[in-house]
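Asks: Take this structure, written in structure tokens, and hold onto it; I'll ask about it next.
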């Protein structure tokens, strides 16, 4: 072991353990945010991230212990840390391109489980190697810091404590500080920089010869900072109105002469939209406008009463804005867990100030209030699927308890389904049917959406017909006629989701697979007949 002064003080080695533990957790959380805009941040993706990282750490532990026994030279450990740091710094430069390349290859190479395979391959290629190297830190330091059997328990316990404390800080800082403040890419660079600074301190202290390694690592890091500082996930887009991150989501606002769109995925999905002309959107929000009619909004207007509407999953307020535009006697409240989305709603989507928005989880909000509503819109999504706690019988019981007599719940089901019993829409509709007496669905053309209406009032369809006839706006009245003509009573099955068992992530992933398979079928045929030249 090198006896230079910096190693005579065990505190430096303890701090190495601290920063290594901190960086491992920071990279793990950064990995989830790097993958989320492309693959979602569902439980399935988290399982892949955690599983691959644990594999890397386990292999690193084994290798680190053997390497330290074979050659107890701290210089080799810090060289491994330096390589890991450089690799982590390179992730913002190359990671997004690797993800797109892997995704394209997987889509053309396999016929199912696209997202699972692509996410797993990405983790293996991008994250396993640097975390394998960081996994060598603990067993190596145990070798370097233990000089006798008399105090080895105390020293190893201290190493473990420093690693754990570092891991705790590495968990909270990215989630609550760096990612919301400066983004995922800068977060990778920050923690890579910390590791490089640690290595520089070691190499400089051990002599001029090895200082070249430290200088080389620093130069590469600076290059990565220069080329990897961009926070853009959709790097192929050059005209985005806004792109950023919050604690909960990747956020993208895109504008064209006709509309403004919010998406929480770089590749697909429209979470909210504003039509600049003020017309109907042509999307599922228009179909959901039937819910106020079903609850008797026009009758109440004639009686001088207001209709109370609650939107769980407010987004930037497309539905709220439409309701407030077309109905004078409506009070609208929205619940949105992501306050940054609410900020975007006021900045880019002209959300009316009289639409009250509460930053909260939808289910927790229902548990906290006693107020009853005439319409409750459920449009809460976490990436590609509904949060499991808002898909169970217990949740829909809570919704029912907060409806006035004759009230209507409308649910946006954002994945088309077929007659297969395993689709997420069937599970969701079966669950709702176990709670409400009357359930109907209507397909939204040219989209993957279905709208579901549920109520205990058997006259709700008559109300839709009678109330919509009182509508003065011709286009909205025609829209309601389309909804009325295409509403289909739901034939319920036995796929019931509960708080204990709601496999929404797995069902959602399967449905996304089906959508991707249909979308790429055309391009696969071109590839088979014309090869890469045909695709380009």
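Asks: If one takes the longest principal axis of the Cα atoms in the chain, at what angle in degrees, from 0 to 90 and to the nearest 10, does the Cα axis of helix 10-39 lie?
Replies: Helix 10-39 sits at roughly 30 degrees to that axis.
Asks: Over the chain, what is the relative contact order in percent, taking alpha-carbon pairs closer than 8 angstrom and at least six residues apart?
Replies: After rounding, I find 14 percent.
Asks: Given a cut-off of under 8 Å on Cα pairs at least six residues apart, what relative contact order in percent is computed for segment 329-446?
Replies: RCO, segment 329-446: 21 percent.
Asks: Quick check: the angle from helix 43-70's long axis to the longest principal axis of the chain, C-alpha only, nearest 10 degrees?
Replies: Here the helix axis deviates by roughly 0 degrees.
Asks: A further question follows. Please report 491, 374, 343, 430 as a ranked list, fewest other C-beta atoms within 10 angstrom at the top and most at the bottom.
Replies: 491, 343, 430, 374
Asks: I want to check the label-to-label distance for residue 370 and residue 469. Put each point 7 Å from Cα in the C-beta direction and report it in nm to one decimal.
Replies: About 4.0 nm separates the two model spin labels.
Asks: Right, here's the next one. If you fit an axis through the alpha-carbon atoms of helix 184-206 and take the longest principal axis of the Cα set of the chain, what angle between them do you get, 0 to 90°, nearest 10?
Replies: Tilt of helix 184-206: around 10 degrees.
Asks: List 97, 248, 285 from most exposed to least, where exposure is judged by having the fewest other Cβ atoms within 10 Å.
Replies: Taking fewest neighbouring Cβ atoms as first place, the list is 97, 248, 285.
Asks: Tell me the relative contact order for segment 278-515 as a rounded percent, counting alpha carbon contacts under 8 Å between residues six or more apart.
Replies: Worked out over segment 278-515, it gives 23 percent.
Asks: So the label point goes 7 Å from the Cα of residue 258 along Cα→C-beta, right? Which residues of segment 271-293 then have their backbone N under 15 Å from it?
Replies: Hits in segment 271-293 for residue 258 at 15 Å: 273-284.
Asks: Let me ask something additional. Classify segment 5-228 as rounded, prolate or oblate from the Cα gyration tensor: take a ≥ b ≥ c as the square roots of its eigenvalues, call it rounded if a/c is under 1.5, otherwise prolate when a/b beats b/c and oblate if not.
Replies: Verdict is prolate for segment 5-228.
Asks: Right, here's the next one. Quick check: from the Cα gyration tensor, does segment 278-515 come out rounded (a/c under 1.5), prolate or oblate?
Replies: It comes out rounded by the Cα gyration axes.
Asks: I've got another one for you. Can you sort 514, 263, 23 from fewest to most other Cβ atoms within 10 Å of each residue's own Cβ?
Replies: The most exposed by this proxy come first: 514, 263, 23.
Since every read-out is calculated from the coordinates, none of them should be taken as a lab result. Please read these numbers as outputs of a predicted model, since none were measured by experiment. Note: ideal-geometry Cβ built from the backbone for every residue, glycine included; neighbour counts use all protein chains shown.
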